[in-house]
Amino acid sequence: MIIGISFIPAPYHVNKLRELIDLPNVFIYPEFFDSKQELIKRNYRNYIMKLLSHRKQIIFALYPDYCYRDCFDRYSLGRLDDIVWIFPLHSLSELDFVLSVIDKHFTNYYVGYCSAPKLRDYSLSQFLEICRKHSLPMWYLGANSREIYEAINNSFDGVDIHPLTMRGTQFRHLKQADFPFKFAVWIKKIANARPSTLVVRS
């Protein structure tokens, strides 16, 4: 399973984490790109500008939430076909748009399952059924420690997490000298897990 690690507040830890983890299926910001500050406000322009500023480093990027045809055309997102986009699915009604976009513009992509119930109108079983019906690669968006287990056991292709996802981690811990070492051990455990072999407590 692919693991995307979102923004790490202590930039000086990033290089150390890359050194300690060094796994082909783990991508650390900005290789995995997400910027919730802009997306929550639906500030698509700033999001795209920020994305373009990191474009040479980006491999995976979260497609802007609720950005449909007009938005897609306005920002010429079809030209960014070198990025592996993760499309967050908030409603089953969005599926037609996602299918039309990936059919015409993108070869590499994932469809994202929104972990927060308030951000979706479908169940996990419905999402799995739809993705399997259309042979869509699946990404678990914003998983907590329990949901990582759920993603692995349901054969999701990818998952993204925040450093605070690690059990017992608080914001103050992120700048401590030993944080990269503890976080790297935990990430390696997840990265090498197989269904029914990982028990993660929330």
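Remarks
- When the chain is reduced to its Cα atoms, the Kirkwood hydrodynamic radius in Å: 17.5 Å
- Applying the criteria of a DSSP loop state and at most 14 other Cβ atoms within 10 Å to the chymotrypsin sites (Phe, Trp or Tyr not before Pro) of segment 58-153 yields Tyr66, Tyr68.
- In segment 1-79, trypsin sites (Lys or Arg not before Pro) in a DSSP loop with at most 14 other beta-carbon atoms within 10 Å: Lys41, Arg42, Arg55, Lys56
- Across segment 121-167, the volume of the C-alpha convex hull divided among the residues equals 75 Å³ per residue.
- Rounded to the nearest 20, the Cβ-based charge dipole of the chain about its Cα centre (Lys and Arg +1, Asp and Glu -1) stands at 640 debye.
- Within the listed set Pro163, Pro64, Pro117, the residue fluctuating most in the Gaussian network model of the chain (springs between alpha-carbon atoms under 10 angstrom) is Pro117.
- Inter-site label distance for Glu129 and Asp81 at 7 Å from Cα along Cβ, in nm: 3.4 nm
- Estimated at 0.36 nm per residue, the fully extended path between Arg18 and Asn153 surpasses their Cα-Cα distance by 46.0 nm.
- Top of Asp103, Asp22, Asp65 by mean-square fluctuation, Gaussian network on the chain, Cα under 10 Å: Asp103
- Counted charge near His173, where neighbours are those whose Cβ lies closer than 14 Å (Asp, Glu -1; Lys, Arg +1): +3
- Toward the positive end of the charge dipole of segment 2-191, with +1 on the Cβ of Lys and Arg and -1 on the Cβ of Asp and Glu, the farthest Cα among Tyr122, Ala151, Met49 is that of Met49.
- Using a cut-off of 23 Å between Cα atoms, the listed pairs Lys16/Lys175; Lys133/Lys189; Lys16/Lys188; Lys56/Lys118; Lys36/Lys189 include Lys133/Lys189; Lys56/Lys118; Lys36/Lys189 as exceeding that distance.
Readers should treat all values here as calculations from the given coordinates under stated rules, not as data from a laboratory. Worth saying up front: this structure is predicted, and the values here are computed from it rather than measured. FYI the Cβ positions are ideal-geometry reconstructions off the backbone, even for glycines, and counts take in every protein chain you see.
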